């Protein structure tokens, strides 16, 4: 049977005492081991078979047991202080981790790099657990050292790899963005600042979609939702992305989905700025299209008989046809010049304004100006200016189609001279009519007066035939006087009219009705009206028109009481008035005749009057810039219409 010393040595606790120690101290150590190990042999077989380092430390920081792996790693360590065995715990005080585990009776885990007595090093996770006796008191601490050196090396290699990868990404011109399933940015390469001006911090403050142009956003969102549902899917899109300076840059992005270790789906966007490339492509396409359009335009205008010039959008002449050269004499010296070079100075500003207007509307027709030939000759032309467009409907220039109107201008001058003569003749005629009608009043009054005096004085001294002759003479003189008065009224329409001003047509109608009160009452006439507008008119003449038309409606009545209705309707830029009656009506063959002066369709006995009323209406309406007409059927009444421009007539 072994002695206690031999037993302790076999148990690995020999080194903690020297040979001078007495048996009582050995018994203390043995007692601690007995408390810790209840089935010593079984535990030793188990613990010596694992690769982890396992040691037991008592409450005085003595290592009282170690498994085979720990002894192989650390050498003869039984009975030594733990903080002298592995240097990484030198900083721990004796009542450090072990004391904490013993007091708290809880498991404590710590990761440390350790250098052992034999010079070996390693990274370990140290799990410290309390060991309790039968009474439940913690009497020692079990420490298990899990070697994580290889894992730490792998992590370090991964960090280096990630650093290398990140450095690589941050130094390429493409922008790398990682979006989570909600579109939030989980990673952004630093190239974003170089390309789009934003710092990574600024980009991460918002959603990726906040920087996409509103017009492109619906498509981007749709594609994102599509590919986020399909792991491994890939799409390439072009869209506009906001630059820090406020401009919109065109990005071409390829998005690919991937699933990380946790099963989360993300989208990796690889983007590049293709704005300048797009501009270059558009410029090339534009140049090609403009070249094709210019070639077609040149072929087209070469076949045209009228002079044609083509300019660019800056107003510089790029080409013209032979007809232009034949008209004005210019040749290649006009290429690159402005059209104002061929326009007389007084029209230069007009044509500049015309070009601006044409660029807004797309065309400008019948623009008249005077051109100046190479030899100084002034030639009036009529321009039609049209915007020249390419196949994408984009404006690339202007086409000036000119027409020589020299002969037309000569004809217009002759016509104007004729019109001037006619106007002068009309004015003289009106003046003559006024003077004649005015001067004829006195002798006619004398004739009528003396005839009436003769009738009264010699009525009983002459026979019936003489009395009849005198009656005819008096009637004729009276009618002549009425005609002269009517002629005087007719002539005054143009010479005595007032300026056109805002006039309440309802008020004018009311005054006309008031003037006809007696006739209306005697004939039981019913006059109604719709709401009537405010118009630009000579109020006194408008009253006369209403009065003449209503008076005619009453005069040319049937056997029933007259019913007359006045209304007005706006059509485009004029008011159309109507005066409708239930009278005898007019045959359509007489529609034009009734507006002629002194024309009457009926005998003077049944329908007395000079027949000048409608002529005066016609002249008044024409003075206002309108026209008058009638719609009627014989025996079914008539409707007289007249128009008044909304903005006022020619004499306003």
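Among the residues making up the stretch 55-108, those that are at pLDDT below 75, in contact with a helix residue (DSSP H, G or I) (Cβ under 9 Å, 6 or more places away or on another chain) and more than 16 Å from residue 139 (Cβ to Cβ) are 83, 85, 86, 89, 90, 91, 92, 93, 94, 96.
It is to be established whether one or more residues within the stretch 475-488 are modelled with pLDDT of 75 or more and surrounded by 15 or more Cβ atoms within 10 Å (Cβ to Cβ).
No, there is no match, as no residue in the stretch 475-488 is modelled with pLDDT of 75 or more and surrounded by 15 or more Cβ atoms within 10 Å (Cβ to Cβ).
Just one of the numbered conditions (1) at pLDDT 90 or above; (2) surrounded by fewer than 14 Cβ atoms within 10 Å (Cβ to Cβ); (3) within 30 Å of residue 556 (Cβ to Cβ) is not true of residue 534: (3).
Right, residue 112: modelled with pLDDT of 80 or more and over 60 Å from the mean Cα position of the chain (by Cα) or not? Here the answer is yes, as residue 112 does meet what is asked.
Taking the stretch 178-197 as the range and being surrounded by fewer than 20 Cβ atoms within 10 Å (Cβ to Cβ) and touching a residue at least 40 places away in the same chain (Cβ under 8 Å) as the test, the residues that pass are 178, 180, 181, 183, 186, 195, 197. Is the stretch 558-565 home to any residue that is under 22 Å from residue 626 (Cβ atoms) and either within 52 Å of the chain's Cα centre (by Cα) or modelled with pLDDT of 90 or more (or both)? Yes, the stretch 558-565 has at least one match. Just one residue in the set 385, 379 is touching a helix residue (DSSP H, G or I) at 6+ places or on another chain (Cβ under 7 Å) and farther than 20 Å from residue 407 by Cβ; that residue is 385. Looking only at the stretch 336-361, residues that are out of contact with any helix residue (DSSP H, G or I) (no Cβ under 9 Å at 6 or more places or on another chain) and farther than 19 Å from residue 320 by Cβ come to 9 in all.
So is residue 506 surrounded by 14 or more Cβ atoms within 10 Å (Cβ to Cβ), without any contact (Cβ under 8 Å) to a residue 40 or more places away in the chain and assigned by TED's automatic domain parsing to the domain that holds residue 621 or not? Yes; evaluated as a whole, the condition is true for this residue. Being at pLDDT 85 or above and more than 47 Å from the chain's Cα centre (by Cα) holds for only one residue in 620, 616, 644, 612, and it is 620. Go over the candidates 391, 425, 437 one by one and state the one that is at pLDDT below 80, outside the structural domain of residue 322 (by TED's automatic domain parsing), surrounded by fewer than 13 Cβ atoms within 10 Å (Cβ to Cβ) and at negative phi. It is 425. Cβ separations smaller than 6 Å between residues 6+ apart or across chains give the following pairs from the stretch 517-534 residues that are farther than 27 Å from residue 502 by Cβ and in the same structural domain as residue 566 (by TED's automatic domain parsing) to residues that are assigned to a loop (DSSP other than H, G, I, E, B) and at pLDDT below 95: 523/562; 524/561; 525/562.
The values are calculated or read from the model by the stated rules, or taken from the named source; none is laboratory data. Remember, it's a predicted structure, so these values are computed and weren't measured experimentally. When we count neighbours, we look across all protein chains shown, and the Cβ atoms used for this are built from the backbone with ideal geometry, even at glycine.
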